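First comes the structure, then the notes that go with it.
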Amino acid sequence: MTCLLLPPALLARAGHAGIAGLAPDALVETADLWLAPLLEGRRDLAVSKGKLTEALLNLLDWDVRAKGWTGWPRASRQPGGHARYRLRQSCRSSVEVRGCRRCSLDRHPLIGEGTPLLLADFPAGRPIQSTRDLPGFWRGSWRDVQREMKGRYPKHRWPDEPWTEKPSLKTKNAFSKSEG
């Protein structure tokens with residue numbers, strides 16, 4: 001059996017949360033409990049993702065499920081906005097956010113038991129910077145990003161001290177009008 005057919009996001013969240021019952025080795029050892037019933041009477045391996053996820057989660061008792069998932073959310077809500085950003089669950093959890101959505105944050109968002117979330121900056125849908133230390137980024141390499149991006153995106157806000165600014169995706173002019 002290979003773990004490639006298993007839901008990678010589920011396994012990544014379980015790995016981050018330290019849920020040993022969903023580790024690849026444990027799943028191989030317990031395949032007769034969760035996989036055999038799914039394949040019973042089937043001639044193919046086309047088990048739906050939902051049924052597979054349900055079978056895997058049924059391996060865990062309620063306390064483990066509740067404790068394990070609370071610290072590893074599926075989405076991140078940024079300050080001052082209605083937007084929720086889906087977390088990419090892989091070997092490291094990350095979220096793609098446009099820079100000014102993170103304004104007003106002076107502490108780095110953590111998930112689980114103090115694990116910093118990888119924040120990837122994506123203005124216009126193109127990656128330019130990633131960090132696990134937002135305060136360090138604001139006070140360090142933000143100046144380089146700001147200098148480069150001001151030329152490319154002159155209508156956007158590129159504040160000198162973003163940790164003190166209100167988060168917004170409005171252009172400079174629209175933001176100024178709404179503040180006045």
Considering only helices (runs of 4 or more DSSP H) wholly within the range 7-86, the ones with at least 2 residues that are modelled with pLDDT of 80 or more and open to solvent by less than 40 Å² (accessible area, probe 1.4 Å) are 24-29, 31-39, 49-57
Exactly one of D121, D133 is more than 18 Å from A14 (Cα to Cα) and at pLDDT 85 or above, and that residue is D133
Taking the range 137-146 and keeping residues over 16 Å from P127 (Cα atoms) and open to solvent by 60 Å² or more (accessible area, probe 1.4 Å) leaves R139, R143
Matching residues in the range 149-167 (among the hydrophobic types (A, V, I, L, M, F, W, C) and outside any loop (DSSP other than H, G, I, E, B)) number 2
Taking the range 147-180 and the residues there that are surrounded by fewer than 11 Cβ atoms within 10 Å (Cβ to Cβ) and small (G, A, S), the one that is modelled with the highest pLDDT would be G151
Q146 passes all but one of the listed conditions (1) under 25 Å from the mean Cα position of the chain (by Cα); (2) in a loop (DSSP other than H, G, I, E, B); (3) more than 15 Å from V97 (Cβ to Cβ); the exception is number (2)
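The values are calculated or read from the model by the stated rules, or taken from the named source; none is laboratory data. These numbers were taken from a predicted model, which means no experiment stands behind them. As a convention, Cβ positions derive from the backbone with ideal geometry for all residues, glycine included, and neighbour counts pool all protein chains shown. For the accessible areas, the whole protein counts, side chains as well, though only heavy atoms, and no ligand, DNA or RNA atoms are used. Shrake-Rupley method; radii C 1.70, N 1.55, O 1.52, S 1.80 Å.
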